[in-house]
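Asks: Structure below; questions to follow.
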Amino acid sequence: MASYSIKLYEILILALITCTKAKLGEFKETSMTIYFQDQFGGPNATVAQILPEYIGGHLSFKKFGAIFCTDDLVTEGFDVSSAQVARAQGMYLTSALDGSNTHVLVSIVFNNGEYKGSTLEIQGASAQFERVREVAVVGGTGKFRFARGYLTFETIHINVEANLAVIQCNITVLHY
Ligand SMILES: *[C@@H]1O[C@H](CO)[C@@H](O)[C@H](O)[C@H]1NC(C)=O
Ligand SMILES: *[C@@H]1O[C@H](CO)[C@@H](O)[C@H](O)[C@H]1NC(C)=O
C-alpha cells in the first residue's frame, strides 16, 4: 500500500515536470560578439544629445543629466563595412553626479541574419569611462523571449577624424 502511494506520487511529480516542460521548454544559452559603429558627429551622426545643449560643440557625456539618443549600426565584425546584424536604438542618461555612470536603456533590434525580427533589451548603470562596462540584459522578443543575462561593452577603436567609435559588445543570455 505504502509503495503504491509513493509510485502514484512519483507519477504526479513526473506529470507536473512534463507539463512545465511542454509549456516553456528549457533555457538555452546564447553568446555572441557584435560591434556598435557609434558615429558621434558629422552629417550622419548616430548619437545626438537631447539635453542640456551641446557645450562648446562637443557632446558632454560627463555632465549629470545629459541625455543622448542613439541609433547605432551594429555589425557582425569590427569593420564598419562588415555585415549588418542590428541597430542599437534607445537612450542613455548621465546618472552619476560626478559623471562616472550613465544609465543605458537600449534595444538591440536585429534586422539581418539569424536573429532578424528579434530584440534584446539592455538596461542598467554603465561605468562609462571604464575600459570594460558590464550592463544587464533584462528581456527580449522573438527568439529571445524571456531573455536575461549580461553584456560587456569595450570601446576598442576611436577615429576622431571620422567621428567613429567602435564598441565591442559581448552578450550572454539565457532564453527559451
Ligand atoms: C552620409 O550619408 C550619405 C547618405 O548615405 C552619404 O552619401 C555620405 O557619404 C555620408 N557622409 C559621411 C561623411 O559619411
Ligand atoms: C569579448 O569577446 C572577444 C571575442 O571572443 C574577446 O576577444 C574579448 O576579450 C571579449 N571581451 C571581454 C570584455 O570579455
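The numbers here are math on the coordinates, done by the rules we state, and not lab data. All values derive from a computational prediction rather than experimental measurement. Heads up, the Cβs are rebuilt from the backbone with ideal geometry, glycines too, and the neighbour counts pull from every protein chain shown.
Asks: List pairs: first in segment 148-176 and in contact (Cβ under 8 Å) with a residue 40 or more places away in the chain, second within 16 Å of ligand 1 (Cβ to nearest atom) and among the aromatic types (Phe, Trp, Tyr), Cβ under 9 Å, 6+ apart or cross-chain?
Replies: If the second residue must be within 16 Å of ligand 1 (Cβ to nearest atom) and among the aromatic types (Phe, Trp, Tyr), the pairs left are Asn163/Phe40; Leu164/Phe40; Ala165/Phe40.
Asks: Something else about it: All but one of (1) within 30 Å of Gly25 (Cα to Cα); (2) touching a His at 6+ places or on another chain (Cβ under 7 Å) hold for Ser95; state the number of the condition that does not hold.
Replies: (1)
Asks: Let me ask something additional. Only one of (1) surrounded by fewer than 16 Cβ atoms within 10 Å (Cβ to Cβ); (2) touching a Gly at 6+ places or on another chain (Cβ under 9 Å); (3) within 24 Å of Val173 (Cβ to Cβ) fails for Glu114. Which number is that?
Replies: (2)
Asks: Out of all the residues in segment 140-148, is one or more within 16 Å of ligand 2 (Cβ to nearest atom), within 21 Å of Lys28 (Cβ to Cβ) and touching a Ser or Thr at 6+ places or on another chain (Cβ under 7 Å)?
Replies: Within segment 140-148, not a single residue is within 16 Å of ligand 2 (Cβ to nearest atom), within 21 Å of Lys28 (Cβ to Cβ) and touching a Ser or Thr at 6+ places or on another chain (Cβ under 7 Å).
Asks: Turning to a different aspect of this structure: Could you list, in sequence order, the residues of segment 27-48 that are within 15 Å of ligand 2 (Cβ to nearest atom) and aromatic (Phe, Trp, Tyr)?
Replies: Tyr35, Phe36
Asks: Something else: Can you tell me which condition Ile171 does not meet? The list is (1) within 20 Å of Glu114 (Cβ to Cβ); (2) more than 14 Å from the chain's Cα centre (by Cα), and all the others hold.
Replies: It fails just one condition, (2).
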